[in-house]
Amino acid sequence: MTDAHDVTAVGAEGPNVARVYDYFLGGAHNFPADREAAAQVEQAWPQIRDTARVNRLFLGEAVRYLAGEVGVRHFLDIGSGMPTMGNVHEVAQQLAPDAQVVYVDSDPGAVAHSQILLAPNPLATAVEADLLRPDEILDHPQVSRLLERGQPVALLLVAVLHFFPDDTGPRHLVSQLRDALPAGSHLVVTHATGDGQSPQVTEAAEVYRRTTAPFQLRDRTEVLSFFDDCTLVDPGLVLLPGWEHDRQRGRSTTVEGRLPVYAGVGRVR
């Protein structure tokens with residue numbers, strides 16, 4: 001999942017955050033420049049494909065938990081990127097056919113692809129807006145309708161916030177969105193980190209900054225700050241693949257050890 005603000009959306013001639021992530025997931029919505037940038041990142045951090053895949057599996061697991069166990073029926077996925085495996089509406093509507101999903105991304109190409117995919121689905125849509133301007137997101141008619149119903153919303157910021165360096169004020173951006181959520185809503189976040197990882201992870205982050213987009217690793221305390229005014233759901237904020245609500249159902253990531261991504265789900269207080 002990515003939200004590539006203007007500096008990262010450079011068109012088909014250069015690498016693009018959404019398309020590079022799509023490539024790591026095995027998707028087809030990418031160009032030679034994206035694959036070249038991805039190869040450089042992968043050379044620095046060979047586990048990047050596993051990391052992207054496990055991150056995506058967590059997204060599905062969190063949506064299943066929220067739709068199936070908590071009863072959430074409204075999902076706002078910001079930085080949704082290219083449509084690929086296990087899209088939010090597919091997972092949520094398997095459990096709750098009345099679940100409504102709004103995808104938000106700043107990349108026109110990602111939004112266009114999503115709109116084509118979603119055309120037959122009256123309960124899911126994609127809109128173009130930028131996380132750097134939360135009011136733009138909240139004021140969009142599709143989003144405001146979702147929030148005006150007053151029912152709990154799942155705000156999904158999965159593999160997004162590490163693309164927003166500190167000078168963009170990501171904590172304030174998240175708090176603006178979080179404060180607009182109805183009572184009983186939840187926040188879902190994953191974020192890249194160097195905690196307990198080899199120097200290769202830091203090197204890969206630097207390659208990503210150089211080839212594709214701004215990228216900032218954060219430690220656990222920094223990632224935890226995005227959950228201000230939230231109560232974390234067990235098992236808390238953990239390194240993937242350690243968020244294991246579905247372990248009893250036999251799902252397995254087939255990845256050993258802990259990957260350089262924190263993941264958590266919090267109930268907004």
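Matching residues to (1) buried (at least 24 other Cβ atoms within 10 Å of the Cβ); (2) over 13 Å from the mean Cα position of the chain (by Cα):
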| position | (1), (2) |
| --- | --- |
| Y65 | no, yes |
| D77 | yes, no |
| S80 | yes, no |
| T84 | no, no |
| E90 | no, yes |
| A96 | no, yes |
| D105 | yes, no |
| A112 | no, yes |
| A119 | no, yes |
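In this structure, does Y21 turn out to be in a helix (DSSP H, G or I), buried (at least 19 other Cβ atoms within 10 Å of the Cβ), at pLDDT 95 or above and of a type in the set (S, T, Y)? No; evaluated as a whole, the condition is false for this residue. As for the stretch 98-107, it holds at least one residue that is in a loop (DSSP other than H, G, I, E, B), over 19 Å from V63 (Cβ atoms) and touching a helix residue (DSSP H, G or I) at 6+ places or on another chain (Cβ under 9 Å). Right, G14: farther than 23 Å from T202 by Cβ and not in a helix (DSSP H, G or I) or not? Taking the combined requirement at face value, the residue satisfies it.
Among the residues that make up the stretch 157-179, is at least one of them within 16 Å of Q100 (Cα to Cα), surrounded by fewer than 21 Cβ atoms within 10 Å (Cβ to Cβ) and either over 17 Å from the mean Cα position of the chain (by Cα) or in contact (Cβ under 8 Å) with a residue 12 or more places away in the chain (or both)? Please lay out each step first, then the result.
Pass one, the stretch 157-179, residues within 16 Å of Q100 (Cα to Cα): none.
No, every residue in the stretch 157-179 fails to be within 16 Å of Q100 (Cα to Cα), surrounded by fewer than 21 Cβ atoms within 10 Å (Cβ to Cβ) and either over 17 Å from the mean Cα position of the chain (by Cα) or in contact (Cβ under 8 Å) with a residue 12 or more places away in the chain (or both).
Tell me which helices (runs of 4 or more DSSP H) are completely within the stretch 154-246 and hold 2 or more residues being of a type in the set (S, T, N, Q), or say none if there are none.
Numbers: elements: 170-179, 199-211, 220-224.
Those helices (runs of 4 or more DSSP H) span 170-179, 199-211.
Among residues of the stretch 115-142 that are among the acidic types (D, E) and in a helix (DSSP H, G or I), those with a Cβ under 7 angstrom from a residue that is crowded, with 18+ Cβ neighbours inside 10 Å and at pLDDT 95 or above, sequence gap 6+ or separate chain, pair up as E136/A129; E136/D130. Considering A192, A183, A213, the condition of being under 30 Å from R145 (Cα atoms), of a type in the set (G, A, S) and touching a residue at least 24 places away in the same chain (Cβ under 8 Å) is satisfied by A183 alone.
The values are calculated or read from the model by the stated rules, or taken from the named source; none is laboratory data. Quantities reported herein were computed from a predicted structural model and do not represent experimental measurements. Neighbour counts run over all protein chains shown; Cβ positions are idealised from the backbone, glycine included.
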